[in-house]
Amino acid sequence: MPKLSEPHVLLEWARDLGKTYAFLDSHVHPFDVLTGDTAYQTSERYDMLFSKGGSVYHGPVIDEKLENDSSCHLFGAGNERAYLLASRFKYTHTGAKVISDQLAAAGLSGALLLPVARLPGKAEEMLDATKMMFPDESSVYCACAYPVGLPADKLAEFFCTAREHYKICAIKLHLNLAGIDPAAQNGHDLVEATLDAAGALELPVIIHGGRTSSLKPSGAAEYGLLSHLEAIDWSLSTAPVIIAHAGCYELVEDEASTALSKLDTLFQKYPNLMADTSNLGPLSLRLVLKEVSHDRLVFGSDALYVPIWKAWLVFLQALQDVSPSPDTDLIHIASLNPADCLGLSFLKGNHD
Ligand SMILES: [Zn+2]
């Protein structure tokens with residue numbers, strides 16, 4: 001089969017399969033993860049659009065000249081201030097309209113929203129904000145941010161209440177941003193208590209995998225590296241645990257290659273572990289698609305930092321370049337695997 005490369009041809013290829021298999025983006029942030037800012041004004045112009053300072057909303061436009069570089073990375077080198085500004089700019093608008101416009105542009109059917117809290121009380125605030133800005137819709141599934149500051153013995157109750165009152169369907173844990181050191185006793189206990197609770201509630205956990213280099217203090221920037229996650233007993237949860245970015249966020253190619261061999265060891269030991277493909281440079285993404293079993297991967301974009309259509313195109317192109325059976329792999333990574341992880345039986349309903 002000839003390798004596809006034109007953006008519109010790639011999108012058509014996936015759209016065609018999407019008629020039978022509903023594709024899901026398993027890594028979308030409803031709010032800026034750095035500031036956790038949820039203070040938006042309701043738009044008077046569009047339903048379910050929330051904006052900052054009266055700025056005008058423009059829907060996504062697919063750029064046919066897809067750059068062949070690693071421009072997907074917002075959080076690469078650069079100072080903290082520049083990256084905060086860039087990050088805020090990406091989150092001028094949010095809400096169900098923004099996500100559904102992005103999904104429609106790419107040809108995807110749904111998104112898993114991953115709020116991230118860095119301060120005590122923020123996770124609770126985000127549950128309310130997410131419910132208001134992303135009300136019950138078939139295309140959006142909400143995770144709960146890990147509640148920073150709660151002791152380990154209060155976590156199960158927190159997640160249980162969040163599931164009952166807010167219908168959360170996953171837990172997002174970002175050790176770097178939450179400042180939780182998995183090598184310290186307290187951090188280790190918090191992660192394992194989260195896994196215990198997630199297993200009991202059958203909620204998948206999505207954990208950041210890799211670095212966040214601009215963080216101060218810099219020690220926290222590496223809490224999410226796979227070398228720090230190895231000491232955790234991931235079998236404490238029987239529900240899936242998805243290691244975001246396949247553990248390679250902000251890693252250079254050599255580091256990514258070492259990280260992927262650690263990931264492989266962890267995958268062999270823990271059958272509930274999965275990985276997502278979000279926000280990797282093209283080289284790391286190809287490495288992941290070549291080396292990680294396609295039964296253990298789910299597609300993710302890291303929107304709004306990366307537009308969903310752009311992450312989708314980079315992913316489709318990489319699959320075409322490295323996979324001997326791109327159709328089957330696309331169906332598994334973007335439809336069947338996420339549906340299994342999240343218990344979304346409707347996603348498989350289209351072709352039964
Ligand atoms: Zn992310």
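The numbers here are math on the coordinates, done by the rules we state, and not lab data. The structure presented is a predicted model; accordingly, all values stated were derived computationally and were not measured. Reconstructed Cβ throughout: ideal geometry from the backbone, glycine too, with neighbour counts over all protein chains shown.
Rounded to 0.05, the FRET efficiency of the K216 and E12 pair, given R0 = 35 Å and the Cβ-Cβ distance, is 0.20. Within the chain, the percentage of alpha carbon pairs spaced more than 37 angstrom apart rounds to 10%.
Could you calculate the contour length gain from Y166 to E230, that is, 0.36 nm times the residue separation minus the distance between their Cα atoms, to one decimal place in nm?
Going from the current span to full extension adds 19.9 nm.
Label-to-label distance for E291 and A39 is 4.4 nm, based on points extended 7 Å past Cα in the beta-carbon direction. Peptides 93-101, 21-29, 324-332, 264-272 ranked from most to least packed give 21-29, 93-101, 324-332, 264-272, packing being the mean of other C-beta atoms within 10 angstrom over each peptide's residues.
Taking θ as phi - 60° and the Karplus parameters 6.51, -1.76 and 1.60, the scalar couplings of region 28-43 work out to 10, 9, x, 9, 4, 6, 6, 9, x, 5, 10, 8, 10, 9, 5, 6 Hz in sequence order, x denoting glycine and proline. Quick one: Cα centre-to-centre distance for region 321-345 and region 191-259, in angstrom? Each part's Cα centre sits 22 Å from the other's.
Helical runs (DSSP H, four residues minimum) scored at -39500 (n - 2.57) apiece and divided by the length of the chain put the mean residue ellipticity at 222 nm at -12000 deg cm²/dmol. Once a ≥ b ≥ c are taken as the square roots of the eigenvalues of the Cα gyration tensor of region 1-65, is the result rounded (a/c under 1.5), prolate (a/b larger than b/c) or oblate (a/b not larger than b/c)? It is prolate, given that a/c is not under 1.5 and a/b is the larger ratio.
Label region 202-296 by shape, choosing from rounded, prolate and oblate, from the square roots a ≥ b ≥ c of the eigenvalues of the Cα gyration tensor; if a/c is under 1.5 it is rounded, and otherwise prolate applies when a/b is larger than b/c, oblate when it is not. Since a/c reaches 1.5 but b/c is at least a/b, the shape of region 202-296 is classed as oblate. Peptides 111-122, 45-56, 248-259 ordered by packing proxy, namely the average of other Cβ atoms within 10 Å per residue, highest first: 111-122, 248-259, 45-56. Bridges between two residues of the chain, per DSSP, are antiparallel at a rate of about 15%. Remark on V241: its backbone amide H falls under 5 Å from those of V205, L273, M274, a criterion applied only to residues 5 or more positions apart or on other chains, H modelled at 1.01 Å from N. Our coupling estimate for region 125-139, obtained by passing each phi through the Karplus curve with A = 6.51, B = -1.76, C = 1.60 and θ = phi - 60°, is 4, 5, 4, 5, 5, 5, 5, 6, 8, 10, x, 2, 9, 5, 8 Hz, Gly and Pro reported as x.
Proximity of backbone amide H atoms, modeled 1.01 Å from N, is registered between F31 and V116 at under 5 Å, excluding neighbours fewer than 5 places apart on the same chain.
In sequence order, region 285-293 has phi-based couplings of 4, 4, 4, 4, 5, 7, 9, 9, 4 Hz under the Karplus curve 6.51 cos²θ - 1.76 cosθ + 1.60, θ = phi - 60°, and Gly or Pro positions carry x.
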